[in-house]
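Worksheet: the structure to be examined is printed underneath.
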Amino acid sequence: MTVIKYCFWGCLLLLSGAWLLSDTIIPSPFTYFSFRSVFVQYTGVICMGSMSIAMILALRSKRIERLLNGLDKMYRLHKWLGIAVLVTAILHWWWAKGTKWMVGWGWLSKPERKPRGEQIFSPLEQWLRSQRGLAELVGEWAFYAVFILIVLALIKRFPYRLFRKTHNWLSITYLVFVFHTLVLTKFTYWLQPVGIITAVLLLAGTASALVVLSGRIGYGRKVQGHIESLAYYPGLSVIEGKIKVDSNWKGHAPGQFAFVTSSKREGAHPYTIASAWDAEERTLRFITKALGVWTSGLREWLKVGMPVSVEGPYGCFDFTDSHSRQIWIGGGIGITPFIARMKYLAKYPAEQKIDLFHATRDYDQAAIDKLNADAEAAGVNLHLIVTPRDGRLTPEQVRSTVADWQSASVWYCGPVALGKILRKDCLANGIAPKDFHQELFDMR
């Protein structure tokens, strides 16, 4: 989380600093209209810079993923940038459009324009000035679309299938905003740092938007496969599927996830891979809990032999560190990356001492038997907490169970609320932030 916080605020500070090198937030003389002029420019720069970076992140670049420590962190940054776009776009729209309304209502008096004499503009600047009316019109309507689309994206109850489709429409509004920006950005900016940075971001963002609209995100990381087996655990409302993938899948690390498509209409959904890679067997296991509309219908939809596509692997929740002791905590379906790691350790034993805490409110004996078998084969100490029977898992319980917890790294995957409690407690009791690893498995 620390890395993406630095990246988020760093992006905003870089754009703000570059703009301040070219303009001022306190013009002289300082009036409502002089401030409006610079503030509209400033919010435009921040809005388009943020939206451009968000477009670049949408491509799921492997290199950027590694820098940000996982696709889950990339998407969290993407979300924060989207909120920054929404806020700055509203401010930009209100100061541009709202001012005109207030003049019309008689709340403000528009100052008379001072005669400037005959001005000579370059052909390019003349053309840009001739497009101002069109740029303002399309920019306004694109803003209304962006407002609706971003708000829908932030509503968790909005169906994922519709979210995926409508979110792609933001690429179209982005291209409209690019035209709006090119025409209405102060012409003198373009040869200054703010203009150069903006131009680079607009070029990269435009290329990214075209990739999104062509449907080629993750194209080079997709493979084909088919469902080899299915198992259902009614006590957990969980379905386990095994997929046989073609030879283009190059393997994965335990703890990574992939996007699986079994219905073109529904599109790809992310699932943690719950198996270690075996190049001869070439199968991937996915364990999915019925949590939403789509996952609740998977038991009826999925069939053995059904063709699927798999895109990935993604994620940096890979258990890599130098600690001789690790504490794993899996809440509910968050147990899946730990299952994958245990299957890996059963084949390739490690020196680390590991305690796994699995907190679940649901219970299925067959699933628990498999979990116990995996833990025993991997040499992992399993602690099962069934919340209706044992109560909620607490940080104090973890510390009292693991004697040398202070020398351990902590790996957590599960509900966000429990993750916040555990992280706060770990940091308060001396665990370094870099030694608390959390999978933010939230793709919107």
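Quick notes on this one:
- Residues located in region 246-261, provided they are over 26 Å from the mean Cα position of the chain (by Cα) and either among the hydrophobic types (A, V, I, L, M, F, W, C) or closer than 13 Å to residue 274 by Cβ (or both): none
- Options 136, 118, 125, 140; residue that is more than 30 Å from residue 294 (Cβ to Cβ), more than 20 Å from the chain's Cα centre (by Cα) and at pLDDT below 85: 118
- Test result for residue 351, surrounded by fewer than 20 Cβ atoms within 10 Å (Cβ to Cβ), free of Cβ contacts under 8 Å to residues at least 60 places away in the same chain and part of a loop (DSSP other than H, G, I, E, B): yes
- Tally of residues being of a type in the set (D, E, K, R), over 14 Å from the mean Cα position of the chain (by Cα) and under 17 Å from residue 206 (Cα atoms) across region 46-97: 0
- Flag for residue 357 being over 30 Å from residue 61 (Cβ atoms) and of a type in the set (Phe, Trp, Tyr): yes
- Evaluated against (1) at pLDDT below 95; (2) surrounded by fewer than 20 Cβ atoms within 10 Å (Cβ to Cβ); (3) in contact with a helix residue (DSSP H, G or I) (Cβ under 8 Å, 6 or more places away or on another chain), residue 91 falls short on exactly one condition, (1).
- Subset of region 220-263 [surrounded by fewer than 17 Cβ atoms within 10 Å (Cβ to Cβ) and either of a type in the set (Gly, Ala, Ser) or assigned by TED's automatic domain parsing to the domain that holds residue 52 (or both)]: 220, 229, 231, 235, 247, 251, 263
- Note on region 143-173: residues that are within 20 Å of the chain's Cα centre (by Cα), more than 15 Å from residue 209 (Cα to Cα) and of a type outside the set (A, V, I, L, M) amount to 8.
- Residue within region 389-412 that is closer than 30 Å to residue 167 by Cβ, surrounded by 13 or more Cβ atoms within 10 Å (Cβ to Cβ), touching a strand residue (DSSP E or B) at 6+ places or on another chain (Cβ under 8 Å) and at pLDDT below 90 present: no
- Qualifying residue in region 327-344 (condition: surrounded by fewer than 19 Cβ atoms within 10 Å (Cβ to Cβ), over 28 Å from residue 417 (Cα atoms) and not assigned by TED's automatic domain parsing to the domain that holds residue 59): no
- Condition check for residue 64: surrounded by fewer than 21 Cβ atoms within 10 Å (Cβ to Cβ) and more than 26 Å from residue 189 (Cβ to Cβ): yes
The values are calculated or read from the model by the stated rules, or taken from the named source; none is laboratory data. In this text the structure is predicted, and so the values were computed from the model without any measurement. Glycine also receives a Cβ, built like all others from the backbone with ideal geometry; neighbour counts cover every protein chain displayed.
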